Amino acid sequence: RLVCVTGASGFIASWLVKLLLDRGYVVRATVRDLGNPEKTKHLHALEGANERLQLVKANLLDEGTFDAAVDGCEGVFHTASPFYIGIKDPQAEMLDPAVKGTINVLNACAKASSVKRVVVTSSVASVIFNSRPRSPGVVDETWFSDAEYCKQTKAWYQLSKTLAEETAWKFAKEKGIDIVTINPAMVIGTLLQPSLNTSCAAILQLMNGSSTYPNMTFGWVSVKDVAEAHILAFEVPSANGRYLLVEKVAHCSEIVKILSKLYPGCTLPTKCADDNPFVPTYTVSKERIEKLGLKYTPIEEALRDTVESLKEKKLLN
Ligand code: NDP
């Protein structure tokens, strides 16, 4: 079975390509910079890659570039989207690639009669960024972020994911494409790619000798689970709609506590970066994804995988 993964050089996508190859799929993987071996050498090294991995160049902003990659594929996993901190021009760097990229990929899917389902990597960023109180109660898949709220708070990444998911649902309805979205929180775990991605960088920051941790609360989930959830969303015929993926919601102070148990000798931050009350935790529903068949990896294990991987890459001592 032939499937396509967009943005294959990325953290989550590399795991997705790995699990798809492990299961015998033929994988067409799109990469925007095919000339840079740093972006693809880890993909070439995957088991089964020699026989069943095809690399195709495609940039989210180039109209029509996904047509060749998607043609003939039964499933498409659209993961590519910019995720980094410190952008200067939100429209050009984040919003355009996220939204226009989604349209370009779905346009290619609409043209290819082979495509049965498209799994779109959305985010918790498209779910919880609104003025609604997160607790008491349970955050579930009926929640949607509010684009205006994201604009007011200059939350550009959250805005890019919110607009991209809205665009995906609207486009899919108009063109009659079967899409499913996966909405993960902060994804951590072993890095297959050579470079450091944004969500694993958050763990590196906590372990890098800083004396304080940020007063922030995030949902956390293992990258293996995120890749597995994408495959379930494609393989299970009844899969539909959105699937939140959060193993645990935890304040950074709690993550530090877990890290200090896992690595007792390590110097970890001891105090909060500000004097405000801790940003509260909240509950996120696990019901839909568990019904689909996912068994969550405990966050302790994902944290250990992350730290071991950072050490192996000499990003940590
Ligand atoms: P990475 O930064 O590792 O991967 C992003 C991928 O998108 C890279 O392959 C990157 O290519 C590609 N990309 C960015 N801009 C373009 C472009 N203009 N044209 C083609 N490709 C492009 O991040 P993650 O693996 O973490 O993120 C993957 C997806 O998961 C994204 O959609 C992200 O929003 C989503 N997500 C991530 C979470 C996390 O905590 N990591 C949480 C929730 C959702 P290149 O390598 O060339 O830069």
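The values are calculated or read from the model by the stated rules, or taken from the named source; none is laboratory data. The structure displayed is predicted, hence computed values, not measured ones. Neighbour counts are summed over all protein chains in view; Cβ atoms, including those assigned to glycine, are modelled from backbone coordinates with ideal geometry. Side chains included, ligands, DNA and RNA excluded: accessible areas come from the protein's heavy atoms. Shrake-Rupley method; radii C 1.70, N 1.55, O 1.52, S 1.80 Å.
Just a few scattered comments:
- For the chain, the Kirkwood hydrodynamic radius comes to 20.0 Å, computed from all pairs of different C-alpha atoms.
- Annotation: per residue accessible area for the chain equals 45 Å², rounded to a whole number [probe 1.4 Å, protein chains only].
- Within the straight-line cut-off of under 16 Å between alpha carbons, the lysines reachable from Lys313 are Lys39, Lys41, sequence neighbours fewer than 8 places apart in one chain being disregarded.
- Charge dipole magnitude, Cβ of K and R +1, D and E -1 - the chain, Cα centre, debye nearest 20: 180 debye
- Whichever lysines have a C-alpha closer than 22 Å to that of Lys257, once near sequence neighbours (fewer than 8 apart) are set aside: Lys248, Lys271, Lys311
- Under a Gaussian network description of the chain, with springs only between Cα atoms under 10 Å, the residue in Lys100, Lys286, Lys175 that fluctuates furthest is Lys175.
- Proximity of backbone amide H atoms, modeled 1.01 Å from N, is registered between Cys272 and Tyr213 at under 5 Å, excluding neighbours fewer than 5 places apart on the same chain.
- Scanning residues 5 or more positions from Thr30 or on other chains, those with amide H under 5 Å from its amide H are Val5, Thr6, Gly7, Ala8, Val56, with H placed 1.01 Å from N in the peptide plane.
- Each Lys and Arg adds +1 at its Cβ and each Asp and Glu adds -1 at its Cβ; summed about the Cα centre, region 1-146 shows a dipole of about 260 debye.
- Under Karplus coefficients 6.51, -1.76 and 1.60, residue-wise ³J(HN,Hα) of region 79-89 in Hz, glycine/proline x: 9, 4, 5, x, 9, 7, 9, x, 7, 9, 10
- Close amide H partners of Arg242, meaning residues 5 or more places away or on another chain with modelled amide H under 5 Å apart, are Thr181.
- Only helical runs count toward this figure. For the chain, summing -39,500 (n - 2.57) over DSSP H runs of n ≥ 4 and dividing by all residues gives -11500 deg cm²/dmol at 222 nm.
- Calculated from backbone phi, Karplus (6.51, -1.76, 1.60) coupling profile of region 55-66 in Hz, x at Gly/Pro: 9, 10, 7, 7, 10, 3, 8, 8, 4, x, 6, 8
- Note on the chain: GNM, Cα springs under 10 Å; of Gly176, Gly219, Gly241, the largest mean-square fluctuation is that of Gly176.
- Counting protein heavy atoms only, region 71-197 has 55 percent of its accessible area on carbon and sulfur, 1.4 angstrom probe.
- Dipole magnitude of region 183-267, debye to nearest 20 (Cβ charges: Lys/Arg +1, Asp/Glu -1, about Cα centre): 200 debye
- For the chain, built as a Gaussian network whose Cα springs stay under 10 Å, the top-fluctuating residue of His78, His230, His44: His44
- Remark: region 143-152, residue by residue, has Karplus-estimated 3J(HN,Hα) of 7, 10, 5, 10, 4, 5, 4, 4, 5, 4 Hz, where x stands for each Gly or Pro and the curve is 6.51 cos²θ - 1.76 cosθ + 1.60 at θ = phi - 60°.
- C-alpha center-to-center spacing [region 229-260, region 123-144] in angstrom: 14 Å
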